[in-house]
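The values are calculated or read from the model by the stated rules, or taken from the named source; none is laboratory data. The structure presented is a predicted model; accordingly, all values stated were derived computationally and were not measured. Cβ coordinates were reconstructed from backbone atoms using ideal geometry, including for glycine residues, and neighbour counts include every protein chain displayed. The accessibility values were calculated without ligands, DNA or RNA, using every heavy atom of the protein model including side chains. Shrake-Rupley method; radii C 1.70, N 1.55, O 1.52, S 1.80 Å.
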Amino acid sequence: MSDFDTDLFVIGGGSGGVRAARIAAGYGARVMLAEEFRVGGTCVIRGCVPKKLLVYASRFSHSFEEAEGYGWTVGETSFDWATLIANKDREIARLEAAYTANLTRSGVTIAKTRAVLEDAHTVRLLSDDRRVRAKHILIATGGWPGMGTGIAGIEHVISSNEAFHLTELPKRILIQGGGYIAVEFACIFAGLGSEVTLVYRGDNILRGFDDDVRNHLRSEMEKRGIKVITKKIVEGIEKVDHGLDVCLSDREQIVVDKVMFATGRRPNVKDIGLEAAGVKLDQRGAIAVNDYSQTNVPHIYAVGDVTDRIALTPVAIREGHAFADSVFGKKPTPVDHTNVPTAVFSEPECGVIGLTEAQACEKLAKVDIYKTTFRSLKTTLSGRDTRTLMKLVVDGLTDRLVGAHIVGPNAGEMIQLIGIAVKVKATKADFDATMAVHPTASEELVTMREKTATHVRQAAE
Ligand SMILES: Cc1cc2nc3c(=O)[nH]c(=O)nc-3n(C[C@H](O)[C@H](O)[C@H](O)COP(=O)(O)OP(=O)(O)OC[C@H]3O[C@@H](n4cnc5c(N)ncnc54)[C@H](O)[C@@H]3O)c2cc1C
């Protein structure tokens, strides 16, 4: 008889926890999972999926405008926020039920409660104060919006969590933040008809992305009427008769109906009993893990946003899967966090993978850049003032593609496939040898012949 009530206890039913639980159960482990809010976690309930539905909704306004040039007469259009939110909520409820059913079918026991560690093998379920002794524990508690401290009127500010449940579309919204969530929501609200101001403390949006992507997207957003204010922060918010009066660091006042902060997410480590279990954090406040997602306590593991490696759903899923393979499948599986393709569902969309031009110049002795911006065929008749950017970063000594950066329609779909090319170490010559698909925008990726820049690192003196 085992001394333990279960082989694996998973805290958190999001992307990482759900995948780990199902795969571990598939290997024959007895698995329990606790979820305090809704099964599916951030991605399904208040992240990627509802966001993408809002993105789709926001893009219809552009399609209506473009249709005229193609001979269509679009009658008077109107948008109903309440219908969108109700339909979105119905789809999220369906997905939540599907996730729950899949877990149960896999043999996982779900506890709908907050769970905290009491010691290194004991988990306490708060709903009924039950204690469960687990042989292995996986912490997959995700992340939470960081709202900053000491800002007067912060109680009037919403995060992305609340943005999905507003009762009406704000006529004027100010979003603080420059990361992908801030940028995506700015484009969503602008597409739906709100007057949008984006405020960011840095010198340009999308820190960490290639500079050409940052400049290109910013100018495209500005063309669509989004006011982008950089090098300033929100210092205070005051409720006034006709909305919220926002005071910026240079004393500029902006009156809006809603203020949203998307200023980064923090690992969800508070009050989950990490000290009692002896689990250590790293300098950034995330749970410290090795390549196998193992913490300093050998039978306790952590995956996903709570480890703050790369906060994306496919990464959390891969980490959860690899953990289950390693511990219950007897196949030690580290996760490769290099060359992760990613998209920003802005308008237009961004798709990126690998090194930026600046990173490549720091790492490599010789770097070749291939870059183009162009008006896509569709815009010729629609008349829409928008350009697409495509950029390849190539190791000048080996000819290998080390980075790709796209801003334009379907960039997210394109970068998924370029991701395979980067993983198999394709060279620029492989791209050149690939026949183009015509007429498409992506054909530019295999027809860029001329280098637009070459950087050669000078040998150290
Ligand atoms: C607005 C937004 C948009 C996003 N868009 C994208 C995107 O387009 N693409 C992409 O790849 N990623 C996107 N992400 C990121 C993605 O959602 C996360 O990286 C992913 O969900 C992380 O999975 P996880 O398993 O680590 O945590 P989560 O999915 O956050 O799951 C953690 C779960 O643990 C539960 N929990 C926490 N503490 C306890 C406890 N003590 N007891 C019981 N349960 C607990 C929480 O309720 C939650 O359900 C987005 C995130 C946000 C916020």
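If we scan region 190-202, do we find a residue that is within 14 Å of the ligand (Cβ to nearest atom) and either out of contact with any Cys (no Cβ under 7 Å at 6 or more places or on another chain) or open to solvent by less than 10 Å² (accessible area, probe 1.4 Å) (or both)?
no
Return the residues of region 431-461 that are more than 16 Å from LYS371 (Cα to Cα) and touching a Leu at 6+ places or on another chain (Cβ under 8 Å); say none if nothing qualifies.
PRO439, ARG457
Filter region 38-67 down to residues that are touching a helix residue (DSSP H, G or I) at 6+ places or on another chain (Cβ under 8 Å) and of a type in the set (D, E, K, R) and give me whichever is nearest to GLU349 (Cα to Cα).
Checked region 38-67; the qualifying residue nearest to GLU349 (Cα to Cα) is ARG59.
Residues to consider are LYS258, LYS239; find the one that is within 16 Å of the ligand (Cβ to nearest atom), touching a residue at least 12 places away in the same chain (Cβ under 8 Å) and open to solvent by 60 Å² or more (accessible area, probe 1.4 Å).
Criteria check complete, one pass: LYS258.
Within region 7-22, how many residues are within 15 Å of the ligand (Cβ to nearest atom) and more than 10 Å from ALA140 (Cα to Cα)?
Summing the residues that are within 15 Å of the ligand (Cβ to nearest atom) and more than 10 Å from ALA140 (Cα to Cα) in region 7-22 gives 5.
Given the conditions (1) farther than 25 Å from TYR301 by Cα; (2) open to solvent by 20 Å² or more (accessible area, probe 1.4 Å); (3) modelled with pLDDT of 95 or more; (4) of a type outside the set (Lys, Arg), and given that GLY177 satisfies all but one, which numbered condition is not satisfied?
(2)
When region 125-137 is examined, which residues are found to be crowded, with 17+ Cβ neighbours inside 10 Å and more than 10 Å from the ligand (Cβ to nearest atom)?
So the first thing to find is which residues in region 125-137 are crowded, with 17+ Cβ neighbours inside 10 Å, and the list is 125, 132, 134-137.
Across region 125-137, the qualifying residues are VAL132, ALA134, LYS135, HIS136, ILE137.
Which of the residues that make up region 389-410 are open to solvent by less than 70 Å² (accessible area, probe 1.4 Å) and either in contact with a Pro (Cβ under 7 Å, 6 or more places away or on another chain) or at pLDDT below 95 (or both)?
Correct list: VAL407, GLY408.
Can you find even one residue in region 417-438 that is in a strand (DSSP E or B), of a type outside the set (A, V, I, L, M, F, W, C) and surrounded by fewer than 17 Cβ atoms within 10 Å (Cβ to Cβ)?
Looking through region 417-438, at least one residue is in a strand (DSSP E or B), of a type outside the set (A, V, I, L, M, F, W, C) and surrounded by fewer than 17 Cβ atoms within 10 Å (Cβ to Cβ).
Could you tell me which of the residues PHE185, PHE209, PHE189, PHE164 is in contact (Cβ under 8 Å) with a residue 12 or more places away in the chain, aromatic (Phe, Trp, Tyr) and farther than 19 Å from CYS350 by Cα?
PHE164
Just checking, which of THR295, THR313 is of a type in the set (Val, Ile, Thr) and in contact with a Phe, Trp or Tyr (Cβ under 7 Å, 6 or more places away or on another chain)?
THR295
Hey, any hits in region 8-18 for a residue that's open to solvent by 40 Å² or more (accessible area, probe 1.4 Å) and not aliphatic (A, V, I, L, M)?
No, region 8-18 has no match at all.
For region 439-446, indicate whether the set of residues that are within 30 Å of GLU68 (Cβ to Cβ) and either open to solvent by less than 20 Å² (accessible area, probe 1.4 Å) or in contact with a helix residue (DSSP H, G or I) (Cβ under 6 Å, 6 or more places away or on another chain) (or both) is non-empty.
Yes.
What is the one condition in (1) out of contact with any helix residue (DSSP H, G or I) (no Cβ under 8 Å at 6 or more places or on another chain); (2) open to solvent by 10 Å² or more (accessible area, probe 1.4 Å) that ALA182 does not satisfy?
Only one criterion is unmet by ALA182, namely (2).
Report, by residue number, each residue of region 271-292 that is touching a residue at least 60 places away in the same chain (Cβ under 8 Å) and part of a loop (DSSP other than H, G, I, E, B).
If the condition is that a residue be touching a residue at least 60 places away in the same chain (Cβ under 8 Å) and part of a loop (DSSP other than H, G, I, E, B), then ASP271, ILE272, GLY273, GLY278, VAL279 are the ones that fit.
Name the pairs: first residue in region 98-109 and in contact (Cβ under 8 Å) with a residue 40 or more places away in the chain, second residue of a type in the set (Ser, Thr, Tyr), Cβ to Cβ under 9 Å, at least 6 apart or on different chains?
LEU103/THR109; THR109/THR6
Consider HIS337 against the criteria (1) closer than 23 Å to TYR27 by Cα; (2) within 16 Å of the ligand (Cβ to nearest atom); (3) open to solvent by 50 Å² or more (accessible area, probe 1.4 Å): it satisfies all of them except one. Which criterion is unmet?
Every condition holds for HIS337 apart from (1).
Taking the condition of being in contact (Cβ under 8 Å) with a residue 60 or more places away in the chain and within 25 Å of LEU198 (Cα to Cα), how many residues in region 374-399 meet it?
5
I'd like the full set of residues that are surrounded by fewer than 18 Cβ atoms within 10 Å (Cβ to Cβ) and in contact with a His (Cβ under 8 Å, 6 or more places away or on another chain), limited to region 340-372.
Once the filter is applied, which keeps residues that are surrounded by fewer than 18 Cβ atoms within 10 Å (Cβ to Cβ) and in contact with a His (Cβ under 8 Å, 6 or more places away or on another chain), region 340-372 yields only LYS366.
Take region 309-327 and flag every residue that is near the ligand (Cβ under 7 Å from one of its atoms) and part of a loop (DSSP other than H, G, I, E, B).
Within region 309-327, ALA311, LEU312 meet the criteria.
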